[in-house]
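Trainee: There's a structure below that I have some questions on.
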Amino acid sequence: MVKESKRTLEFVKYQGIGNDFIMVNNLDFSEPIITAAEAVRLCDRHLGIGGDGVIFVMRDGEDYQMRIYNSDGSEPEMCGNGIRCFAKYLADLEQASAPRSYKVLTLAGHMILELREDGQVCVDMGPPILEAPQIPTKLAPQGEVVKAPLDVDGKTWLMTCVSMGNPHAITFGQEGGEGLNVDALPLEQIGPLFEHHEVFPARTNTEFVEVFSRNHLKMRVWERGAGATQACGTGACAVVVAAVKEGRAERRCTVDLPGGPLEIEWRESDNHIYMTGPAKRVFQGTVVLEN
Ligand SMILES: N[C@@H](CCC[C@H](N)C(=O)O)C(=O)O
């Protein structure tokens, strides 16, 4: 008779405007302590804990490192809502009070996280990447990809591409069309067609944007590796950059997402993007990892 061995994992669940993550204390190890396949099971909303991803809290010398698996097990370079959760996780772990700042290494470089007294987290997300070949798309061989036509679902969409370390394709609508009513979009149907389109060799996150004013945008997102989520922090940053590039908005915007608003500033003085929003602890527990 084979005796089943049961590995368990302690976790804490956090969310940033509804983008939810299973946070794992990985401080004593230099590689994630669970596999991508285990992360997929844990993210399942019926069979696991449920989440848009699993985030590993790791050391980087005196500072910290963030690694993340999407809910499909792929590993993205960066996660904006996740990194605000990361700041809250560290502050809870250290029982530190605000103001407090952290330097965190990601696969997209170092980010500076400021935990503010009002409970919000402001992240210096660094500069956006706008030029091919650094942005992973075949939509333009060189230079910036701004309002490039892309055929999806029998329609021609105008796409602007921005990398925040991870790839984003942003659209404000179709060629010759009106502005978008994002609530009316069949996101589950069209989202995968953008994500897996041949022009995006690394797949893509896709943002559909409605413009309320030059400082107020609304977006829905289809995330690479996670589908339709309540929010995407890197996506909101990329949307403001795209809106500025297309002449639709100013550099400081409130971006409404299904899970709530984020404040985004693309600062002229240093070319960095600053994202401000909340992050909250939801629950903690121990889960059995199947063998
Ligand atoms: N929700 C995140 C982005 C997570 C990674 C993304 N799905 C990708 O694969 O690039 C955010 O808040 O930025």
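Trainee: Of the residues SER101, SER5, SER30, which single one is out of contact with any strand residue (DSSP E or B) (no Cβ under 9 Å at 6 or more places or on another chain) and either of a type in the set (S, T, N, Q) or closer than 23 Å to MET111 by Cα (or both)?
Mentor: Selected residue: SER5, the only one of SER101, SER5, SER30 that is out of contact with any strand residue (DSSP E or B) (no Cβ under 9 Å at 6 or more places or on another chain) and either of a type in the set (S, T, N, Q) or closer than 23 Å to MET111 by Cα (or both).
Trainee: Okay, next question. Quick test of your reading of the structure: PHE194 fulfils all but one of (1) closer than 25 Å to GLU265 by Cα; (2) surrounded by 17 or more Cβ atoms within 10 Å (Cβ to Cβ); (3) within 16 Å of the ligand (Cβ to nearest atom). Name the failing condition by number.
Mentor: (1)
Trainee: Evaluate the following for VAL24: is it in contact with a Pro (Cβ under 8 Å, 6 or more places away or on another chain) and not in a loop (DSSP other than H, G, I, E, B)?
Mentor: Taking the combined requirement at face value, the residue satisfies it.
Trainee: Starting from the range 30-44, keep only residues that are at pLDDT 95 or above and surrounded by fewer than 20 Cβ atoms within 10 Å (Cβ to Cβ), then list their pairs with residues that are part of a loop (DSSP other than H, G, I, E, B) and of a type in the set (Asp, Glu) whose Cβ atoms are within a distance under 9 Å, requiring at least 6 positions of separation or different chains.
Mentor: Taking only residues 6 or more apart or on different chains, the pairs are PRO32/GLU75; ALA36/ASP72; ALA36/GLU75; VAL40/ASP72; ARG41/GLU290.
Trainee: Do any strands (runs of 3 or more DSSP E) entirely within the range 242-286 hold 3 or more residues that are free of Cβ contacts under 8 Å to residues at least 60 places away in the same chain, and if so, which?
Mentor: Where strands (runs of 3 or more DSSP E) fall fully within the range 242-286 and carry at least 3 residues being free of Cβ contacts under 8 Å to residues at least 60 places away in the same chain, they are 252-257, 260-266.
Trainee: Pick from ALA243, ALA231, ALA238: which is crowded, with 18+ Cβ neighbours inside 10 Å and away from the ligand (no atom under 15 Å from the Cβ)?
Mentor: Going through ALA243, ALA231, ALA238 in turn, the sole match is ALA243.
Trainee: Still on this structure: Please go through the range 49-61 and pick out each residue that is surrounded by fewer than 18 Cβ atoms within 10 Å (Cβ to Cβ), part of a loop (DSSP other than H, G, I, E, B) and more than 16 Å from the ligand (Cβ to nearest atom).
Mentor: GLY61
Trainee: Has the range 140-150 got any residue that is outside any loop (DSSP other than H, G, I, E, B), exposed (fewer than 15 other Cβ atoms within 10 Å of the Cβ), of a type in the set (Gly, Ala, Ser) and modelled with pLDDT under 95?
Mentor: yes
Trainee: I would also like to ask the following. When you scan the range 62-114, how many residues do you find that are among the aromatic types (Phe, Trp, Tyr) and either at pLDDT below 95 or more than 14 Å from the ligand (Cβ to nearest atom) (or both)?
Mentor: 3
Trainee: Also: Mind counting the residues in the range 177-191 that are exposed (fewer than 14 other Cβ atoms within 10 Å of the Cβ) and in a helix (DSSP H, G or I)?
Mentor: Going through the range 177-191 one residue at a time, the tally reaches 4.
Trainee: Also, quick follow-up: Looking at the range 201-227, which of its residues are surrounded by fewer than 24 Cβ atoms within 10 Å (Cβ to Cβ) and either on the phi > 0 side of the Ramachandran plot or within 11 Å of the ligand (Cβ to nearest atom) (or both)?
Mentor: ALA202, ARG203, GLY225, ALA226, GLY227
Trainee: A further question on this structure: Being crowded, with 16+ Cβ neighbours inside 10 Å, within 16 Å of the ligand (Cβ to nearest atom) and on the phi > 0 side of the Ramachandran plot, is that true of even one residue in the range 156-172?
Mentor: yes
Trainee: Yes or no: the range 22-45 includes at least one residue that is closer than 17 Å to GLN284 by Cα, within 16 Å of the ligand (Cβ to nearest atom) and in contact with a helix residue (DSSP H, G or I) (Cβ under 7 Å, 6 or more places away or on another chain).
Mentor: So far as the range 22-45 goes, yes, one or more of its residues are closer than 17 Å to GLN284 by Cα, within 16 Å of the ligand (Cβ to nearest atom) and in contact with a helix residue (DSSP H, G or I) (Cβ under 7 Å, 6 or more places away or on another chain).
Trainee: Right, something else. Consider ILE83 carefully, then state whether it is part of a helix (DSSP H, G or I), in contact (Cβ under 8 Å) with a residue 24 or more places away in the chain, surrounded by 22 or more Cβ atoms within 10 Å (Cβ to Cβ) and not assigned by TED's automatic domain parsing to the domain that holds ALA202.
Mentor: yes
The values are calculated or read from the model by the stated rules, or taken from the named source; none is laboratory data. On a predicted model such as this, the values are computed, not experimentally measured, just so you know. Here the Cβ is made from the backbone with ideal geometry for all residues, glycine too, and neighbour counts use every protein chain on show.
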